[in-house]
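Report on the following structure.
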Amino acid sequence: MPNRHRVCILDRAKCEGDKATREKLANTAPPYFNAHETARFDELDGLPLASFGQRALGFFIDLALVILLWIPFELLWERFVSHEWNGRSRFAINFNFHEWRSLAAAMLYFVAANYLSNGRSIGKWIARSRVVSLARPHLGLWQCAERVLGYAVSVAEIVGFIQYFFSPNRMSMHDRIAETIVIDLRESAKPHSVR
């Protein structure tokens, strides 16, 4: 019996209704979160999910803010710590996630912004979307860190972002790692049944 329950979680269409209902569920992937179990999933059931464009807009706005906040710190580091810049000559700045200061700046911004705003960083606010935890009402600090580290995996393996198009709940790799979804907060996206 435990195997049947696991199959139901992985493929809801195999477990519900007659043949026509199963075919309908198997062939349609609505742009709304599809809950399978737990009270938290029931709370999220039916919420409109953010489009890929919304998510990309929010991410790139946040990334631009990270870079803008990082530049002064990088210049101070190069001037006073590593002494590679004298303050007068031209200096090439290279934001690179393989460099620890760039990664630290991204971690600090994304973790703090998502944790303190409960998933509504500045980019997400402009894009009218929000990161929501599948496990609890408020994003946890570790969950926010997992999302940032998951971004690195999604960027490195472009497949991480492509998973969005094949997941019934529009989850990219970083969403799966952190157990989150991104919901659409625009008025036009809200279904009639959502409270």
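Cβ-Cβ under 6 Å, sequence separation 6+ or interchain: first residue in the stretch 109-127 and at positive phi, partner surrounded by fewer than 20 Cβ atoms within 10 Å (Cβ to Cβ). Which pairs?
N118/H138
Pick from D42, D62: which is modelled with pLDDT under 85, in the same structural domain as A112 (by TED's automatic domain parsing) and of a type in the set (D, E)?
Details: D62 fails: modelled with pLDDT under 85.
Of D42, D62, the one residue that is modelled with pLDDT under 85, in the same structural domain as A112 (by TED's automatic domain parsing) and of a type in the set (D, E) is D42.
So if I check each of E74, E84, E78, E43, which one is among the charged types (D, E, K, R) and surrounded by fewer than 13 Cβ atoms within 10 Å (Cβ to Cβ)?
From the options E74, E84, E78, E43, the qualifying one is E84.
Do we find that L134 is in contact (Cβ under 8 Å) with a residue 24 or more places away in the chain, of a type in the set (A, V, I, L, M, F, W, C) and over 28 Å from L68 (Cα atoms) in this structure? Steps first, answer last, please.
Values: in contact (Cβ under 8 Å) with a residue 24 or more places away in the chain: yes; of a type in the set (A, V, I, L, M, F, W, C): yes; over 28 Å from L68 (Cα atoms): yes.
Spelling it out, L134 is indeed in contact (Cβ under 8 Å) with a residue 24 or more places away in the chain, of a type in the set (A, V, I, L, M, F, W, C) and over 28 Å from L68 (Cα atoms).
Looking at (1) over 19 Å from S51 (Cα atoms); (2) touching a residue at least 24 places away in the same chain (Cβ under 8 Å), which is the one condition that is false for A156?
The one condition A156 does not meet is (2).
The values are calculated or read from the model by the stated rules, or taken from the named source; none is laboratory data. Since the model is a prediction, treat every value here as computed from it, not as a measurement. No Cβ is skipped: glycine too gets one built from the backbone with ideal geometry, and neighbour counts run over all protein chains shown.
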